[in-house]
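The values are calculated or read from the model by the stated rules, or taken from the named source; none is laboratory data. Note that the structure is a prediction, hence the values are computed from the model and not measured. Backbone-built Cβ (ideal geometry, glycine too); neighbour counts: all protein chains shown. Surface areas here come from the heavy atoms of the whole protein model, side chains and all, with no ligands, DNA or RNA. Shrake-Rupley method; radii C 1.70, N 1.55, O 1.52, S 1.80 Å.
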Amino acid sequence: MLRDISNLRKSYSKNSLTEEDIPKDPFLLFDIWFKEVSSSTIKSEINAMTLSTISPSGYPNARIVLLKYYSYEGFVFFTNYKSDKGVSIDKNNKVSISFFWEDFERQVIINGTASKTSKAFSTKYFNSRPKGSKIGAIVSENQSSKINSKDDIIEKFNHISKEYLNKEIQRPDYWGGYIIKPIKYEFWQGGENRLHDRIRYTRDKNFWKIERLSP
């Protein structure tokens, strides 16, 4: 049965993006946009980003992960290295991340290469997590693998919780961070009549080339 949802549409008109208003470095524009969203009254996880990888079978996979740090050097998230995304990055470290902030009618797409953060950096972040999240990382050691039921996972969580009741939880070797070093940014600002503003920054040796794209 064909579900007709063609009448679902939204008009964009809140902002515009002009070459005169943008910095030469895309990181600065990302930082400006992120700070504007974070200082607003939006209640959703504004650091949620779609991470796209290429699986060993050649298909793209996308999922939501949480951005935890960002700087000129890159964008950092944490995960299980044995997960589907970890295996994919190990085979092909070319990835894409994207952010969509609906209330601001903005989207950012970033292409880059992913590499593991240092063990010390991963450990520092792991130690800052709530105890339940630390236990969860141990419970999901074989992340992405088939399980019999959710009850098995809950039982394992409860068992490990008792085991570490009065013990410090160490970061597992299979859990840690990735940093994505950008080579391309695209900033999208919704516009009236679908005439969206799209500005692309592409890394060219030691500077960023700026281009406007057709909406």
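I need the full set of residues from segment 107-123 which are without any contact (Cβ under 8 Å) to a residue 12 or more places away in the chain and not hydroxyl-bearing (S, T, Y), in order please.
First pass over segment 107-123, keeping only residues without any contact (Cβ under 8 Å) to a residue 12 or more places away in the chain: 118, 120.
If the condition is that a residue be without any contact (Cβ under 8 Å) to a residue 12 or more places away in the chain and not hydroxyl-bearing (S, T, Y), then A120 is the only one that fits.
Residues in segment 70-85 that are surrounded by 14 or more Cβ atoms within 10 Å (Cβ to Cβ) and in contact (Cβ under 8 Å) with a residue 40 or more places away in the chain: Y70, G74, F75, V76, F77, F78, T79, N80, Y81, K82, S83, D84.
Of the residues making up segment 145-162, those that are more than 28 Å from the chain's Cα centre (by Cα), assigned to a loop (DSSP other than H, G, I, E, B) and basic (K, R) number 0. Of everything in segment 204-215 that is assigned to a strand (DSSP E or B) and touching a helix residue (DSSP H, G or I) at 6+ places or on another chain (Cβ under 8 Å), the residue that is least open to solvent (accessible area, probe 1.4 Å) is W208.
One residue stands out among those in segment 164-203 that are aliphatic (A, V, I, L, M) and open to solvent by less than 40 Å² (accessible area, probe 1.4 Å): the one that is modelled with the lowest pLDDT, which is I169.
Number of residues in segment 92-109 that are in contact with a Ser or Thr (Cβ under 8 Å, 6 or more places away or on another chain) and basic (K, R): the value is 1.
Do the conditions hold for F126, that is, is it in contact (Cβ under 8 Å) with a residue 40 or more places away in the chain and assigned to a helix (DSSP H, G or I)? Judged against the criteria, F126 is a match.
If you go through segment 102-126 and keep only what is open to solvent by less than 50 Å² (accessible area, probe 1.4 Å) and either under 16 Å from F75 (Cα atoms) or of a type outside the set (D, E, K, R) (or both), you end up with F104, V108, I110, N111, G112, A114, T117, S122, T123, Y125, F126.
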